[in-house]
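The structure appears right after this line, and notes come after that.
The values are calculated or read from the model by the stated rules, or taken from the named source; none is laboratory data. On a predicted model such as this, the values are computed, not experimentally measured, just so you know. Backbone-built Cβ (ideal geometry, glycine too); neighbour counts: all protein chains shown. Accessible surface is based on the protein model in full, side chains and every heavy atom, while ligands, DNA and RNA are left aside. Shrake-Rupley method; radii C 1.70, N 1.55, O 1.52, S 1.80 Å.
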Amino acid sequence: SLRPILTGGQSGFPDRPTILTACHRYYQARAVNDGNYYYIRNLSQPKGGSLKNARAVLNTDQYQPGPPWFNRTYPATVAAMGTPQRKLLRQVVEGGLPGEELYDLEKDPWMVHNLIDDPAHAPRIATFKRELAKWRKRSGDTPANLKRRTD
């Protein structure tokens, strides 16, 4: 439970240094976060979306510029040709996500600069991979279960 942390009763989890998460809705991904770095393993790609029609891969409030959401950042990012932000949005909407991602949350809170190929982070990445593999095994998160969990 996150309740003790959210209510201020404790500042972290005494039994582990990380939080592990999963994405099932539009594509399969697993992530490890230690509060400073965020590691993502993309197991599949978003399918059926395009920058002109993101409905298949995003929630309405993430792309709809008109009422009731008024998200002006989506059309502005689509229009910003040649920017890293547009490239990242295209990966999320049309597929093409890297297999693995690592972000420094302090220096790059918007997670734009993927550090996965930086050799300076190899030990951290190896630790996150081990932690993720243990969690997936312990929770029965196998390739055979991916479709069932998505459905």
Open item on the list: If I take the Cα coordinates of region 91-151 and project them onto the principal axes, what are the three extents in Å, biggest first?
Closed with: 36, 30, 18
- [ ] Quote the FRET efficiency, to the nearest 0.05, computed for residue 85 versus residue 16 with a Förster distance R0 of 30 Å and r equal to the Cβ-Cβ distance.
- [x] 0.35
Open item on the list: Over 19 Å apart: what share of the alpha carbon pairs of region 1-114 falls there, rounded to a whole percent?
Closed with: 57 percent
Task: Ellipticity estimate at 222 nm from DSSP helix runs (n ≥ 4, -39,500 (n - 2.57)) divided over the chain, nearest 500 - done: -9500 deg cm²/dmol
TODO: Go ahead and run the numbers for FRET between residue 1 and residue 114, Cβ-Cβ distance against an R0 of 22 Å, rounding to 0.05.
DONE: 0.10
TODO: Could you check how much of the accessible area of region 4-118 is carbon and sulfur, as a whole percent, using a 1.4 Å probe?
DONE: 54 percent
Open item on the list: How much length would be gained if the chain were fully extended between residue 73 and residue 36, taking 0.36 nm per residue of separation minus their Cα-Cα distance, in nm to one decimal?
Closed with: 10.7 nm
- [ ] Work out the length of the dipole vector of the chain about its Cα centre, built from +1 on the beta-carbon of each Lys and Arg and -1 on the beta-carbon of each Asp and Glu, and round it to the nearest 20 debye.
- [x] 600 debye
